Each structure stands twice: as C-alpha cells, then as structure tokens.
Amino acid sequence: KRSVNIFVLSLIGFSVAFPACIYLTRIIKALFSMPAGVGTGILPIVYLSALVLLPVGALHGLFFTLSCTIHNQITGKGTLSTAHVYFKEMLGTIAGGILVSFFLIPYFNSYHSAFIVAFLSLAACAVFMYAFSISKSGKAISIAAAALTTATVLAFAFNVPGRIHSVSIAQQWNKQNVVFYENSIYQNVV
C-alpha cells in the first residue's frame, strides 16, 4: 500500500511539475536577465537545465523503481519483475514516441501536450487508487487525483493551456510583439 501511495503521489507531482517545467524553461532566461534571442555559454545552459529539469527528472526516475516494487508485490516474480516492467516501459516509450511525433507535436502546443499527459496520468492515478485504496490516506489520494483530473478538464474547457502558452511566449521574448510562433518539424519559428 505504501509503494502504491508513493507511486501515485509522485505521478501527481509529475503531472503538476511537467507543465510548470515547460513554463520555467521558456522564462528562465528572463528570470536571470538574459536577453531574448541571444545564446548563452555552455555552463549557464548546464546549470539552468539541471535546475529546471531536476524535479521532473527525479520523479520520472522514481517511477521505474516503484513500478518494479509494485509489480513484484503483486506478482511475486522477484527479479523478473524488473524485466517485465522494463519491457512494458520500452513498449510505452515506443508508443509514446509515435503518439507525440504524429499527434501531439503537429496539432498541439507544448502546454496542450503537457496538459494531455497530465490528464491521462491523473485519470490513471484516480482509477489506480480507486482499485487499490483501502486506507484513509489511499482514499484521500484517490480524491485528490480525481479532483486534479477534473481541474485538468476544466482547464481545457477554458483554454488555460493556450493562455499559459501566450503568456509564456510574451515573457520569453520580453514582451516584444511576437507576430508568429510555431514549432515546425525542423525548429521553433518565432
């Protein structure tokens, strides 16, 4: 139960941190008074990337370990659990790469994509916790996941991802008049 709770809480944290990470990635140069459109040295890029990606990366790395633990607890397969989880993770990575390449990138901006991932993750958390929650803390986590799933749906209904996208572009380009912004298959065009 403890592993399941930690797994779901970390997935909820990831679902919130992922869109925040994209926002921070866009505005980090402005936060440190670096001019828009000007390249920086390699060390600031390394430091700032580590700062921005650490929360999401750490949570994502935790998922594999917890998944192996939970799989072993459910199936009792011991070290084979790691192989099973790794194989399923590999299949998910391939399917996710196809989905992102052919569906998300061509039709959605970064925030819409992040909110879609958050919605799917939070909905899975709510279902997962509903199936496994016996304790009071498990039920509370299930309710939190369901509430955040509902909040994500409402965010889509009121175009919150599109608004965050516009605000972050304005902040990224120091409130310059951005006439056009789009990700092409080759690069970001502004």
Legend entry - Output for segment 153-184, where each listed residue is free of Cβ contacts under 8 Å to residues at least 40 places away in the same chain, surrounded by 12 or more Cβ atoms within 10 Å (Cβ to Cβ) and under 18 Å from L120 (Cα atoms): V153, N159
Legend entry - Filter result for F102 (open to solvent by 40 Å² or more (accessible area, probe 1.4 Å) and at pLDDT 85 or above): yes
Inset, instruction - Sort through V4, V16 and tell me the only one that's open to solvent by 50 Å² or more (accessible area, probe 1.4 Å) and under 30 Å from V153 (Cβ atoms). - result: V16
Inset, instruction - Would you confirm whether any residue within segment 113-126 is more than 30 Å from R163 (Cβ to Cβ), at pLDDT below 90, of a type in the set (A, V, I, L, M) and surrounded by 13 or more Cβ atoms within 10 Å (Cβ to Cβ)? - result: no
Legend entry - Some residue of segment 129-142 being modelled with pLDDT under 90, in a helix (DSSP H, G or I), open to solvent by less than 40 Å² (accessible area, probe 1.4 Å) and among the β-branched types (V, I, T): yes
Legend entry - Matching residues, segment 45-85, being surrounded by 14 or more Cβ atoms within 10 Å (Cβ to Cβ) and under 30 Å from Q176 (Cβ atoms): L48, V52, L53, P55, V56
Legend entry - Pair list, Cβ < 7 Å and 6+ apart or interchain, from segment 18-41 residues that are closer than 18 Å to V178 by Cα to residues that are in a helix (DSSP H, G or I) and among the hydroxyl-bearing types (S, T, Y): Y23/S168; R26/S168; I27/S168
Legend entry - Qualifying residue in segment 99-106 (condition: over 17 Å from the mean Cα position of the chain (by Cα) and farther than 20 Å from H165 by Cβ): yes
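The values are calculated or read from the model by the stated rules, or taken from the named source; none is laboratory data. Being a predicted model, the structure only gives us computed values, none of them experimental. So basically every Cβ, Gly included, is an ideal-geometry build from the backbone, and we count neighbours across all protein chains shown. We work out accessible area using only protein heavy atoms, side chains counted, and drop any ligands, DNA or RNA first. Shrake-Rupley method; radii C 1.70, N 1.55, O 1.52, S 1.80 Å.
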